[in-house]
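Chemist: Handing you a structure now.
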Amino acid sequence: MAEKRSLIGLDAAAMAAALIAAGLPEKSAKMRVRQLWNWIYVHGARDFAVMTNLAKDFRTQMAEHFTLARPEIVTEQISSDGTRKWLLRTGPGIEFETVYIPEAERGTLCVSSQVGCTLTCRFCHTGTQKLVRNLTPAEIVGQLLVARDALNDWPSTAPGRKVTNVVMMGMGEPLYNFDNVKAALKIVTDGDGLALSKRRVTLSTAGVVPMIEKAGKEIGSGLAISLHAVRDELRDEIVPINKKYPLKELLDACRAYPGASNSRRITFEYVMLMGVNDSLADARALVKLLAGIPAKINLIPFNPWPGAPYECSEWSQIEKFAEIVNKAGYASPVRTPRGRDIMAACGQLKSQSVKERASTRLAAEKLAPTSTSMNEVQSGQLARMPH
Ligand code: SAH
């Protein structure tokens, strides 16, 4: 029998089409989608059997054709500060990380958009992992479902949820996976399901300039820019995408970002690298550079990783830097490092997935033709790099 398909990640139209293809009468498809949608995204159903207000025959029919499978949790790590990191897996060699950061007033889920990354930012651990592939909408939405499952955080619509915010700040560059990120965030912000407000979703980019306006128009989330340097010469070196889209173009795109306003500021992320970008002259140049943009500046103490070529700035220097930025009228919270002990902090994410040559992959699949766990885990491990 053909493998059953998961309904997770399909939009309403695609779900209706799938139901009809499975033999459901066309006229009831819309209603069925509404019912399923509610069970899946409001109540977190993982099994059709729990949908007890739906006819038994219908549930049986669904279970014959579909699953509600999410990414599988390979490991869960819990930091001493309560941050949690999950390593998820959706197929041989496809592993990616998701991080949950609880705070007093909110809980933020840091979601990955790609396995690996193409950007090679010098200070970022993910940047040392080659791109394996883009994540699908199911794999992106799946990260939120897995977090809600693990945190016992259903139903979505009840007050006091643990996951209240989503930031596209995990592995990968979301604007290099635009269509899938857009489709996923549409489901995440759908008022009849997961129902996160667009104001609680932030997309972070290293500066894919041609996609920024499109993101504002078509996704409409908050925007964060990984700035990290105020001169092209330095930014070329530490955020190499700057060679393609230099600072002026990037900041012009920010000025034109649809929906930016004083009540919806653009966040500029600035990692504090000792002796590299942390001088007080840099702080003053930063303030000048952002003039006219509704901005807040997030100073991020550099989070170390094995073999990293930088060190974190001294606290006293970060404070002085922040003071200049504050005095110029910008909010400039220093981001408290969270989850460093489990390598879950900004820029520390990396999975061991490597892109296999198609021939290797096919051979591995022949060795492990079933979808059950042991074989697959082992074939996945064959592809792993030594840490
Ligand atoms: N590619 C997107 C999404 C990743 S967001 C982007 O670049 O915006 C991850 C954030 O953590 C980015 O702002 C990134 O620049 C920052 N970061 C990367 N490595 C870091 C490190 N070692 N310490 C602190 N922040 C880091």
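Derivation of every value follows stated rules applied to the coordinates shown; laboratory data play no part. Bear in mind that the values here come from a model prediction, so they are computed numbers and not experimental data. Positions of Cβ are generated from backbone atoms using ideal geometry, with glycine treated the same way; all protein chains shown enter the neighbour counts.
Chemist: Can you give the Kirkwood hydrodynamic radius of segment 113-178 from its Cα pairs, in Å with one decimal?
Modeler: Values: mean 1/r = 0.0754 Å⁻¹.
The answer is 13.3 Å.
Chemist: Using r as the Cβ-Cβ distance of Ser261 and Leu234, and R0 as 22 Å, what FRET efficiency do you calculate, to the nearest 0.05? Walk me through the numbers on the way to the answer.
Modeler: Values: r = 30 Å, r/R0 = 1.36.
That gives a FRET efficiency of 0.15.
Chemist: What percent antiparallel are the DSSP beta bridges of the chain, to the nearest 5? Let's see the in-between values first.
Modeler: Values: 21 of 44 bridges.
Percent antiparallel among DSSP bridges in the chain is about 50.
Chemist: What is the sum of charges around Gly9, taking Lys and Arg as +1, Asp and Glu as -1, for the other residues whose C-beta is under 14 Å from the C-beta of Gly9? Provide the component values of the computation, followed by the final result.
Modeler: Details: positive: Arg5, Arg70, Lys182, Lys186; negative: Asp11, Glu139, Asp179, Asp190.
Around Gly9, the charge tally is 0.
Chemist: Okay, next question. Could you pull out the GluC sites (Glu not before Pro) across segment 254-333 that fall in loop regions by DSSP (anything but H, G, I, E, B) with no more than 15 other Cβ atoms inside 10 Å? If you can, show how the numbers build up before the last one.
Modeler: Details: sites: Glu269, Glu311, Glu314, Glu319, Glu323; in loops: Glu311, Glu314.
Here the sparse-neighbourhood loop sites are Glu311, Glu314.
Chemist: Quick one: give the max-minus-min coordinate of the C-alpha atoms of segment 5-67 along each principal axis, largest first, in Å.
Modeler: Principal extents (Cα only, largest first): 24, 24, 20 Å.
Chemist: Lys/Arg Cβ at +1, Asp/Glu Cβ at -1, dipole of segment 72-342 taken about the Cα centre: which of Gln114, Ser263, Leu289 is farthest positive-ward?
Modeler: Most positive-ward Cα: Ser263.
Chemist: Next up: Rounded to the nearest 20 Debye, what is the dipole magnitude of the chain about its Cα centre when Lys and Arg each give +1 and Asp and Glu each give -1 at the C-beta? Don't skip to the answer; put the middle values down first.
Modeler: Working: 49 positive and 39 negative charges, 137 e Å.
Here the size comes out at about 660 debye.
Chemist: Scaled to the compact-protein estimate 2.2 N^0.38 Å, what is the alpha-carbon radius of gyration of segment 72-342, rounded to two decimal places? Don't skip to the end; give the middle numbers.
Modeler: Values: Rg = 17.9 Å, N = 271, 2.2 N^0.38 = 18.5 Å.
So the Cα radius of gyration is 0.97 times the expected 2.2 N^0.38 Å.
Chemist: Isolated Cys in the chain by the 4.7 Å beta carbon test?
Modeler: Taking the Cβ cut-off of 4.7 Å, the unpaired cysteines of the chain are Cys110, Cys117, Cys254, Cys312, Cys346.
Chemist: Taking Cα pairs under 8 Å and at least six residues apart, what relative contact order does segment 5-67 come out at, in percent?
Modeler: Details: 31 pairs, mean separation 24.5, N = 63.
Reported relative contact order: 39 percent.
Chemist: Oh, and also: May I ask you to sort Val354, Val287, Val239, Val99 by Cβ crowding, counting other Cβ atoms within 10 Å and putting the fewest first? It would help to have the intermediate numbers written out before the result.
Modeler: Numbers: Val354 16, Val287 20, Val239 26, Val99 29.
Going from least to most buried by this count: Val354, Val287, Val239, Val99.
Chemist: A further question on this structure: Charges on Cβ only, +1 for Lys and Arg, -1 for Asp and Glu, centred on the Cα centroid of the chain; of Val166, Thr52, Tyr176, which one is farthest towards the dipole's positive end?
Modeler: It is Thr52.
Chemist: If you take the Cα Rg of segment 212-315 and divide it by 2.2 N^0.38 Å, with N the number of residues, what do you get? Don't skip to the answer; put the middle values down first.
Modeler: Working: Rg = 14.2 Å, N = 104, 2.2 N^0.38 = 12.8 Å.
That works out to 1.11 for segment 212-315.
Chemist: Turning to a different aspect of this structure: With only Lys, Arg, Asp and Glu charged, each at its Cβ (+1 for the first two, -1 for the last two), find how big the charge dipole of segment 5-67 is about the Cα centre; round to the nearest 20 debye. Please list the in-between numbers first.
Modeler: Details: 8 positive and 5 negative charges, 24 e Å.
With Lys and Arg at +1 and Asp and Glu at -1, about 120 debye.
Chemist: On a full-extension model of 0.36 nm per residue, what is the gain between Lys162 and Ser80, subtracting their alpha-carbon distance, rounded to one decimal in nm?
Modeler: Working: separation 82, 0.36 × 82 = 29.52 nm, distance 1.79 nm.
Length gained between Lys162 and Ser80: 27.7 nm.
Chemist: Also: Expressed as cubic angstrom per residue, what is the convex hull volume of the alpha carbon set of segment 139-289?
Modeler: Once divided by residue count, the hull of segment 139-289 is 133 Å³.
Chemist: Next question, about the same structure. Find the percent of Cα-Cα distances in segment 74-227 that exceed 24 Å, and round it to a whole number.
Modeler: Values: 3376 of 11781 pairs.
Across segment 74-227, Cα pairs with separations above 24 Å total 29 percent.
Chemist: If I take every Cα pair under 8 Å that is 6 or more residues apart in the chain, average their sequence separation and divide by the length, what percent do I get for the relative contact order? Could the numbers behind the result be given before it?
Modeler: On the way: 715 pairs, mean separation 63.0, N = 387.
Rounded, it is 16 percent for the chain.
Chemist: Quick one: net charge of Ile20's neighbours, Cβ under 14 Å, K/R +1, D/E -1? Show your work: numbers first, answer last.
Modeler: Details: positive: Arg5, Lys27, Lys30, Arg32; negative: Glu26.
Summing Lys and Arg as +1 and Asp and Glu as -1 gives +3.
Chemist: What percentages, rounded to whole numbers, describe P(r) for segment 230-281 computed over all alpha carbon pairs with 10 Å bin width beginning at zero?
Modeler: Percent of pairs per bin, in order: 21, 44, 31, 4.
Chemist: For Gln61 and Ser197 in one chain, what is 0.36 nm times their gap in residues minus the Cα-Cα distance, to one decimal in nm? Display every interim value, and only then the final one.
Modeler: On the way: separation 136, 0.36 × 136 = 48.96 nm, distance 3.37 nm.
Gain in length upon complete extension: 45.6 nm.
Chemist: Place +1 on the Cβ of every Lys and Arg and -1 on the Cβ of every Asp and Glu in the chain, take the dipole about the Cα centre, and give the residue among Val354, Gly93, Leu227 whose Cα lies farthest towards its positive end.
Modeler: With unit charges placed on the Cβ atoms, the residue in question is Leu227.
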